[in-house]
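So the structure is just underneath, and the comments pick up after that.
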């Protein structure tokens, strides 16, 4: 069925799930910006995974003589930080913790938030009202404030940072999941499934999940960019990751004191945060239009 | 309208209760005995007992919550550990400075974002539309604390045009609208304005593009109305939503100013929060967050009511 039908994939999408995903893939590949963003984001992930092989030097080992060497120094292509450690290696290694801190909360919040939202949307009625009103309370905090409040109270640390960011992202994801599920719940085939005696769990698993996970996932990917900025922001404030671990936000924090000595060196970690955040943002935009999801 | 407003207020009260519950819980989720985290390590037994009585840690949680809440309602948020001064006065002093910063940033962001979004939506798919969309993405993707640092590097370190930190002569409590103070406001306000700018541009663009496709615009054009005339109608239709977005953005900036205030040592609530976290001053942390969150809730309420007054169709929802 492959060759002949690809030209008519728009006609075939309605009843053939494989055709739908092929169409999504084709539309995504046609979007040059999205593909470029995917390459940058993928490159960052590869860099994080293969850091020990890519990095020219040990990110923890510094020499005081090399303190704050300017960009382009011999053997230190991007200079050296306030403790004489190679910037390039630290930026490469930094991808590990920074990506981990940025992506993990969204992933966990995606799992928990979807479960809450789908349950609320499918159950409807007073169960829905109670769940959504509780979420409204967390919605009443600006996200930055909530993240800082929780991790400020818990104290510095990677786990506390992850926890506070996860709490921040559960309500918005649950809200999207709830609204998508509520709209699917009203469709006739769900009614048919209920009439045929299927249990709520089966209906959700067979008929609801496939229809709601896509939009929720795309929404969650759009949060990765925010999460990257917030996670690095927590470390920038001295919460989250603690020294001497290489993490972009923390590096910005410690290099901030050197802003009058080596200004552009001090700004380097931010470039990495910005690049990652913008590529995840554009990737998510590309996915949304490829999957034709309206927001 | 009155019924809508009353209903909206009635809906806000449980939210406020929930918000204060979360703030109350902050002290209790912090590791260790809550009293230990509230007291300095060298606290005297006398002080320990005094605080024990104020917080009532020997009582049950619901009882503690009610006591804390009734004090908070009377404007007593406890005393700061670091300075010993009442949290309420510290926070109120800082809120003023944050408001100056956030309101200025919102005005800058709304003016330029709205303008950009409007032109982009009016001339869809033109180069200016693409530029506006790109700027919008950059605006929401840039880590603003880093942007602040870059602006400091360019305009303070390299060019020396604007001061890098502080709020000008007189420190935190004596703001006035003269050049000596305004110079200090420029960089933080511009940095902060980038976030709402991107979001407002995106919203206004979508709004304008959507309105232009509606039938009444075709009707106006068919009637012979020039672009200029159509423009007025578009503005009138886009304004309520755009203003609502602006109001919400102001709320986000008030609550989210901590990172920018840290970069610029701006003596507002964010800076206060930073200090509270650094010194593990939990009453100060709790009080500041409570005040900021309440501001946000009330702002949301006001935005909803104003928006529905401007656009009565919303009252039906």
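Rule-based calculations on the coordinates, nothing more; no lab input. Quantities reported herein were computed from a predicted structural model and do not represent experimental measurements. Cβ: placed from backbone, ideal geometry, glycine included. Neighbour counts: every protein chain shown.
Taking other C-beta atoms within 10 angstrom as a stand-in for reagent exposure, B:228, B:221, A:96 fall in the order B:228, B:221, A:96, fewest first. Computed per residue of the protein assembly as shown from DSSP H runs no shorter than four, each worth -39500 (n - 2.57), the mean residue ellipticity at 222 nm is -24500 deg cm²/dmol.
Helix B:282-310 against the longest principal axis of chain B: what's the angle in degrees, Cα atoms only, rounded to the nearest 10? Here the helix axis deviates by roughly 30 degrees. For chain A, modelled as a GNM whose springs connect Cα atoms under 10 angstrom apart, the maximal fluctuation among A:221, A:254, A:63 occurs at A:63.
Residues A:166, A:104 in ascending order of nearby Cβ atoms (within 10 Å, fewest first): A:104, A:166.
If a spin label sat at a point 7 angstrom from the Cα of residue B:213 along the line to its beta carbon, the backbone N atoms of segment B:240-256 nearer than 19 Å would be those of B:241-242.
Label the protein assembly as shown by shape, choosing from rounded, prolate and oblate, from the square roots a ≥ b ≥ c of the eigenvalues of the Cα gyration tensor; if a/c is under 1.5 it is rounded, and otherwise prolate applies when a/b is larger than b/c, oblate when it is not. Because its axes are fairly even, with a/c under 1.5, the protein assembly as shown counts as rounded. Please give the FRET efficiency for residue B:236 paired with residue B:313, using the beta carbon to beta carbon distance and R0 = 22 Å, rounded to the nearest 0.05. My answer for the efficiency is 0.95. Modelled this way, with points 7 Å down the Cα-to-C-beta line, the labels at residue B:225 and residue B:16 are 4.1 nm from one another.
Calculate how steeply helix B:87-122 sits against the longest principal axis of the alpha-carbon atoms of chain B, using the helix alpha-carbon long axis, and give the answer as 0 to 90 degrees to the nearest 10. Helix B:87-122 and the main axis of chain B meet at about 20 degrees. Anyone know which of B:52, B:294, B:16 comes out most mobile in the 10 Å Cα GNM of chain B? Sorting by GNM fluctuation, first place goes to B:52. Each of the peptides B:17-24, B:256-263, A:85-92 was scored by the mean count of other Cβ atoms within 10 Å over its residues; in descending order, highest first, they stand as B:256-263, A:85-92, B:17-24. Spin-label model, residue B:111/residue B:138: points 7 Å from Cα along the beta carbon direction are separated by 2.0 nm.
On the beta carbon distance between residue A:130 and residue A:49, with R0 = 60 Å, the FRET formula returns roughly 0.90.
Remark on chain B: hydrodynamic radius 22.2 angstrom, per the Kirkwood mean of 1/r across alpha carbon pairs. Once you reduce segment B:287-317 and segment A:142-161 to the center of their Cα atoms, the two points are 26 Å from each other. Arranged from fewest to most other beta-carbon atoms within 10 Å of their beta carbon, A:127, B:27 become A:127, B:27. Summary of the geometry: segment B:270-286 and segment A:240-267, compared by the centres of their Cα atoms, lie 22 Å apart. Between the C-alpha center of segment B:59-93 and that of segment A:72-126 there is a gap of 36 Å.
Result for chain B in a Gaussian network model with C-alpha springs under 10 Å: among B:203, B:104, B:134, the largest mean-square fluctuation is at B:134. At q = 0.22 Å⁻¹ the log10 of I(q)/I(0) for segment A:142-279 amounts to -1.22, computed by Debye summation with a single uniform scatterer per C-alpha, solvent ignored. Rounded, prolate or oblate: which fits chain A, taking a ≥ b ≥ c as square roots of the Cα gyration tensor eigenvalues, rounded meaning a/c under 1.5, else prolate when a/b beats b/c? Here chain A falls in the oblate category.
Per-residue mean of foreign Cβ neighbours for B:133-146 is 6 (Cβ atoms of other chains, 10 Å radius). With respect to chain B, whose longest principal axis is taken over its alpha-carbon atoms, helix B:269-278 is tilted by about 40°.
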